[in-house]
């Protein structure tokens, strides 16, 4: 078995695992909803619920629509990435964290995109004046599923019950849940390694 911690940040960062849809939702269905709303919409959900992962899952599909993605990631009190500008004719502006813009800046962006008939997809915690094309719904069941996926090629030291309990204690914040599962996995791995060493000495 692989001895690395499967809950390490490089394993759980947005895009490392595809967004786990519940039937009948799918990435193609979200794109269809966006098309029906004239290519302007939002993905909403609480902190740590998979919104950024959703954007990574959608990212390679824009080319199939003849579009080039212009990604802007906004952070509270931290450096932003990407250039916030109106997208060109064959582009779609994807803004991760729309609520981080001030109210005047957000109003200006939405007005300019509507006036220019520009394509815009944004993530936010609550509706902010755009059609909602998807709402993330993290759950203990999803935490169990992610724990199972992440441990497919490693020793399974975190149980489904562990994942469920962590998710419930973190009020379904998957980002914080995975962070805590990293430490749980690391603790159990070190304990087992110490036990194996003691057993080897006593032989």
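Read-outs throughout are calculated quantities, based only on the coordinates presented, and are distinct from any laboratory measurement. These figures come from a predicted structure and were not determined experimentally. Don't worry about glycine lacking a Cβ; one is built from the backbone with ideal geometry, like all the others, and counts go over all protein chains shown.
List of remarks:
- As a rough guide to protection, the peptides 8-18, 160-170 ranked by mean Cβ packing within 10 Å, highest first, stand as 160-170, 8-18.
- The angle between the Cα long axis of helix 140-150 and the main principal axis of the chain comes to about 70°, on a 0 to 90 degree scale.
- The angle separating the long axis of helix 27-36 from the principal Cα axis of greatest extent in the chain is about 20 degrees.
- On the principal axes of its alpha carbon atoms, region 137-201 extends 49, 21, 16 Å, with the longest extent given first.
- Using alpha-carbon coordinates, inclination of helix 174-201 to the longest axis of the chain, degrees: 20
- Taking every C-alpha pair closer than 8 Å and separated by at least 6 residues, the mean separation divided by the residue count of region 27-135 gives a relative contact order of 40 percent.
- Residue order, fewest to most surrounding Cβ atoms within 10 angstrom, among 62, 103: 103, 62
- Using the alpha carbons alone, the radius of gyration of region 86-203 stands to its Kirkwood radius in an Rg to Rh ratio of 1.24.
- Looking at the chain alone, DSSP beta bridges between its own residues are antiparallel in about 5 percent of cases.
- Dimensionless Rg ratio for the chain, taking C-alpha atoms and the 2.2 N^0.38 Å reference: 1.22
- Peptide packing for 145-153, 49-57 was compared via the average number of neighbouring C-beta atoms within 10 Å per residue; ordered from the highest value, the list is 49-57, 145-153.
- Gyration tensor verdict on region 27-135 (Cα atoms; rounded if a/c is under 1.5, prolate if a/b is larger than b/c, oblate otherwise): rounded
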